Amino acid sequence: MSVLFLVAAFSLGHACAQDANPDSTVNVIAWYCLHDTVIYRQREQELRVENGDTTIVTDAYRRYQFIVVDSTSNGFLLEYMPLAFEFPDDDPVAKMKYAIAERFIGIRILISTDELGQVKQVENFKEVHQAVYSRCDSLIDEIYREAPTLYAQMSKPDMLKKLHKQLDDTYGSRQRLLESMDVLEVLFNYHGKSFPVGKVEDVSGNTTSRLRVTTGKADDNDETATDDDYQISQYITIDESKDGQSPIHEVVVHKEYFNDGWPRYVYISDEEGDDQHLEISRMEIDWEYRGWE
């Protein structure tokens with residue numbers, strides 16, 4: 001079960017106003033302004049723990065920015081642009097995983113939202129589609145130029161055909177492209193939703209969800225924080241006990257927001273396994289730059 005699925009599955013109900021009753025509720029609403037610019041740095045880790053020994057399977061970074069290019073009564077138009085991907089050069093699995101992701105660097109993707117900040121769709125799909133496919137074609141050209149022995153295994157036209165089929169599965173339609181950009185789900189899926197301030201525990205079947213919502217500065221020493229910021233944390237435990245064993249499956253989702261609804265920090269972890277074997281996925285997103293006019 002992926003982290004993003006759990007984030008979506010355990011999100012709470014909808015709301016239509018920000019801080020209508022600040023003593024009891026926090027409503028995640030976008031109050032963006034034209035030309036707002038935020039750059040985020042994201043770290044993704046996959047860890048494996050075997051009998052107390054931890055191995056880092058994947059450790060990658062990415063940087064990207066959002067700019068508000070239009071703001072109307074119906075919502076916002078955000079320009080999303082990947083700026084950089086970093087991963088260990090000696091990790092062949094990561095290299096393959098992020099080879100295509102690197103090709104997104106510098107592509108301008110226009111994302112529309114409603115007035116609350118919920119993501120609606122990609123507005124310049126044809127432009128992005130053409131850029132992704134042409135850049136991936138150039139990747140294949142580079143690979144075959146550097147390793148011509150590949151021709152003996154598969155011709156370049158056949159390789160391009162195979163790659164395009166894989167791209168179609170992820171980027172072949174407007175909706176698939178939107179779903180492939182998991183950062184949108186992580187940063188904006190709480191927008192338009194209401195959360196009760198304080199601590200709430202909910203038990204449903206074999207799942208226990210503990211929600212904690214606080215307002216004000218997450219860190220009093222942070223000069224960029226204000227008393228109108230807010231934090232939303234969910235601690236999800238899934239009881240999968242069977243045959244006398246108690247497998248571990250815990251998910252933590254912690255999000256902090258500026259008072260205008262821009263995410264300022266996100267931490268998500270998903271731990272699954274038992275005392276001898278544990279698989280851990282972690283994602284941490286922090287803002288690096290924030291500018292406005």
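Details
- Test: Ala131 is part of a helix (DSSP H, G or I) and in contact with a helix residue (DSSP H, G or I) (Cβ under 9 Å, 6 or more places away or on another chain): no
- Every pair of residues 6+ apart whose Cβ atoms lie under 6 Å, when the first sits in the range 151-166 and is surrounded by 11 or more Cβ atoms within 10 Å (Cβ to Cβ) while the second is part of a helix (DSSP H, G or I) and not hydrophobic (A, V, I, L, M, F, W, C): Lys156/Tyr144
- Residues of the range 27-64 that are within 29 Å of Phe195 (Cα to Cα), open to solvent by 50 Å² or more (accessible area, probe 1.4 Å) and aliphatic (A, V, I, L, M): Leu34 alone.
- Single match in Leu83, Leu78 (criterion: in a strand (DSSP E or B), aliphatic (A, V, I, L, M), modelled with pLDDT of 90 or more and open to solvent by 40 Å² or more (accessible area, probe 1.4 Å)): Leu83
- Answer residue from the range 251-293, given it is open to solvent by 20 Å² or more (accessible area, probe 1.4 Å) and of a type in the set (Lys, Arg) and is farthest from Arg62 (Cα to Cα) among those: Arg290
- In the range 57-75, the residues that are without any contact (Cβ under 8 Å) to a residue 12 or more places away in the chain form no Cβ pair under 7 Å with any partner that is of a type in the set (S, T, N, Q), whether six or more places apart or across chains.
- Against the conditions (1) among the acidic types (Asp, Glu); (2) over 26 Å from Glu123 (Cα atoms); (3) in contact with a Phe, Trp or Tyr (Cβ under 9 Å, 6 or more places away or on another chain); (4) open to solvent by 10 Å² or more (accessible area, probe 1.4 Å), Asp229 satisfies every one except (4).
- Within the range 159-198, the set of residues being aliphatic (A, V, I, L, M), within 16 Å of the chain's Cα centre (by Cα) and over 16 Å from Gln118 (Cβ atoms) comprises Leu177 only.
The values are calculated or read from the model by the stated rules, or taken from the named source; none is laboratory data. Please read these numbers as outputs of a predicted model, since none were measured by experiment. Neighbour counts run over all protein chains shown; Cβ positions are idealised from the backbone, glycine included. In case anyone asks, the SASA skips ligands and DNA or RNA and just uses the protein heavy atoms, side chains included. Shrake-Rupley method; radii C 1.70, N 1.55, O 1.52, S 1.80 Å.
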